[in-house]
Amino acid sequence: MLKKGSYCALAIFLLFCISPTVSLAKSEARLSDIIVTNTRDHLLAYFNVRGCFTEEMNRAILNGISTKFTYIVKLYEVRNAWFDRKIADIKVTHTIEYNSLKNEFNLSLPEQDKKKVKTKDFDEARELMADLVALKVARLDKLKRGLHYQLRMKAELDKIELPFYLNYIFFFLSLWDFETDWYSVIFRY
């Protein structure tokens, strides 16, 4: 039987054993291939997250645990003599769930016309989860010609949601949360 001090020592030991992998996941996740363009009516953003899937996360997804990536995109009008003016503040959440009976991945990609995607290829599913494609950031009529704008973006992995009774057994899964740094693109319209 363990004493109270032993429980505390065990908890601290587990924290130190798990924390290096958590900090590694945070440092590796990054945004890449950032493109800002426009259609006739909208400002669009494209980018992807690299280094976000760890072996533990892959195993969790393949065991049927729903995983969510949240993308945060903000657009500001840059003003030199005053605070920048916020034009858009968008959150988009991609969700992946694995159905082991059908051997397929179900994805929710709200920024795309086809909001639900099914695939049997895990690599394709991970690529779809990590890519933000043609996000409509703002209507062009909200932008003024000749002014500078800043597009800021980041990605976060939401906490893995387990059934209530499993939260006590797998308490360390809440440490899987990661977020990238903020990335900025300044452009003139």
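The values are calculated or read from the model by the stated rules, or taken from the named source; none is laboratory data. For clarity, every value in this text was computed on a predicted model and none was experimentally measured. When we count neighbours, we look across all protein chains shown, and the Cβ atoms used for this are built from the backbone with ideal geometry, even at glycine.
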inquiry  = Residue under question is Lys115, and the condition is that it be at pLDDT 95 or above, over 17 Å from Asp158 (Cα atoms) and of a type outside the set (Ser, Thr, Tyr); does it hold?
reply    = no
remark   = Only unsatisfied item for Glu156, checking (1) in a strand (DSSP E or B); (2) at pLDDT 95 or above, is (2)
ask   = If you scan segment 13-58, which residues turn out to be of a type in the set (Gly, Ala, Ser), modelled with pLDDT of 95 or more and either in a helix (DSSP H, G or I) or surrounded by fewer than 14 Cβ atoms within 10 Å (Cβ to Cβ) (or both)?
value = Ser32
ask   = Looking at Asn103, Asn99, which one is at positive phi and out of contact with any helix residue (DSSP H, G or I) (no Cβ under 8 Å at 6 or more places or on another chain)?
value = Asn103
key: Boolean, Arg126 is under 24 Å from Leu75 (Cα atoms), at pLDDT 95 or above and among the basic types (Lys, Arg)   = no
remark   = Picking from Lys68, Lys74, the residue that is under 18 Å from Tyr149 (Cβ atoms) and of a type outside the set (Phe, Trp, Tyr) would be Lys74
inquiry  = Yes or no: segment 105-115 includes at least one residue that is over 21 Å from the mean Cα position of the chain (by Cα) and basic (Lys, Arg).
reply    = no
Matching residues, segment 94-108, being more than 14 Å from Ile65 (Cβ to Cβ) and surrounded by 14 or more Cβ atoms within 10 Å (Cβ to Cβ) = His94, Glu104, Leu107, Ser108
remark   = Just one listed residue, out of Leu132, Leu128, is touching a residue at least 12 places away in the same chain (Cβ under 8 Å) and part of a strand (DSSP E or B), and it is Leu132
inquiry  = Looking at segment 110-147 only, could you name the residues that are in contact with a Phe, Trp or Tyr (Cβ under 9 Å, 6 or more places away or on another chain), within 17 Å of Tyr46 (Cα to Cα) and charged (D, E, K, R)?
reply    = Glu111, Arg126, Asp131
